[in-house]
Amino acid sequence: MTPEESIDRIEAAGRPRPQDRRLHARGAVYDGKFVPSGHIKTVAAHLTTETDVVVRFSNGSPKFRSDDRTKGIRGMAVKFLRDGKAVHDLVAANFRAFPSRDAEGFIELVEALTALAGKDKAKGLGRLAKLLVKHPESRATLKAFAGRDAPASFATTRFDGLHAFYLLDAEGKRRAFRYRLVPQLGEVDLDPKHAKTLDANFLIPQLDHLLTTGPVIFTLAFQFAEPGDPTHDPSRAWPEHRTLLPAGQFVITGRTADEEKWQRSVFDPTRLAEGVELSDDPVLRFRPGAYSISAERRLSAQQ
Ligand code: HEM
């Protein structure tokens, strides 16, 4: 499957509006800053100096009018800025492990989930059953995901980067890590009874309201691999007792004045500043091609 075919299949299954992202269609962009903890030794300057950031929170659905009250994928994407330009992106979701070890399995999951969310539930269940046979690595992640309710707020959701990357230190040593974004308010899922009282598009207005009372904070934490931990397979979480260090905090202050500019731009998980390198994960390497095609199509529909 090429990146172009993956976008064709997402479009056929999810029918996004032409002007929207093919996944994570509805989102809002916020200003903030990254405040380093001093615990991470690296040559990556964006992790060791206070840096401006923009953050896009999103509902993962290809549908702009998706329902925040139902469980599903939510995203948090961050751009570290230098002189107003992006130098490093983080693109994370509310999964603890990716539901597939390859891009094909992910597209099959999108096809199953969009069918389940639509009118043809039997088709969705059939697709999901097939996927679980073909991709046994998906079972544990999907079971854990199905067992949870929808997030109560973007500010109470943990987002994981899922792929391995390498961090370089001043001696030239490379250490494999995965990152996670941990909410200072703790993790809270939506009470299904309370969900009935909410609007389908409640997450963004609720975060806007919360920000009128003060900043919303996430810790950027790095989990470091031990020898033998897989760097190529995002469906396999590393043991929870691996060293976990806080790299710093994102302090999010309010909606950005440059909303249109950042909505148009791509949050690309392979945009890395000096000091951070890609791993051998094929899913990570597949993503930028798919994101560019999605961006090309949505931007040409906006003209
Ligand atoms: C083969 C794997 C994947 C494919 C094909 C895929 C596809 C896409 C596409 C087409 C977009 C819209 C891009 C745009 O128009 O700018 C997108 C956005 C996004 N994806 Fe993925 N994705 C994949 C894996 C992942 C993974 C592993 C994560 C989380 C770790 C993730 C999290 C996100 C988030 C948070 C956004 C929204 C970014 C923003 O706010 O601009 N995706 N994805």
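Any read-out appearing in this document is the output of simple, stated calculations on the displayed coordinates, not a laboratory observation. None of these values were measured; they are calculated from a predicted model. Cβ atoms come from the backbone with ideal geometry, glycine included; neighbour counts cover every protein chain shown.
Taken over the range 164-180, the criterion of being within 11 Å of the ligand (Cβ to nearest atom) and more than 19 Å from F57 (Cα to Cα) is satisfied by R178 alone.
Taken together, the residues in the range 257-277 that are in a loop (DSSP other than H, G, I, E, B) and either in contact with a Lys or Arg (Cβ under 9 Å, 6 or more places away or on another chain) or among the hydrophobic types (A, V, I, L, M, F, W, C) (or both) amount to 10.
Could you list, in sequence order, the residues of the range 27-39 that are surrounded by fewer than 21 Cβ atoms within 10 Å (Cβ to Cβ) and either within 14 Å of the ligand (Cβ to nearest atom) or among the aliphatic types (A, V, I, L, M) (or both)? It would help to see each step written out before you state the result.
So the first thing to find is which residues in the range 27-39 are surrounded by fewer than 21 Cβ atoms within 10 Å (Cβ to Cβ), and the list is 28, 31, 33, 35-39.
A28, V35, listed by residue number.
Scanning the range 43-83 for residues that are buried (at least 20 other Cβ atoms within 10 Å of the Cβ) and farther than 29 Å from A195 by Cα gives A44, H46, L47, T51, V53, K79, F80.
Do we have A155 as touching a strand residue (DSSP E or B) at 6+ places or on another chain (Cβ under 6 Å), surrounded by 15 or more Cβ atoms within 10 Å (Cβ to Cβ), part of a helix (DSSP H, G or I) and touching a residue at least 40 places away in the same chain (Cβ under 8 Å) here? So A155 passes the test.
L132 meets all of the listed conditions (1) in contact with a Leu (Cβ under 9 Å, 6 or more places away or on another chain); (2) in contact (Cβ under 8 Å) with a residue 12 or more places away in the chain; (3) closer than 29 Å to D280 by Cα but one, namely (2). Scanning the range 62-121 for residues that are of a type in the set (V, I, T) and in a loop (DSSP other than H, G, I, E, B) yields T70, I73.
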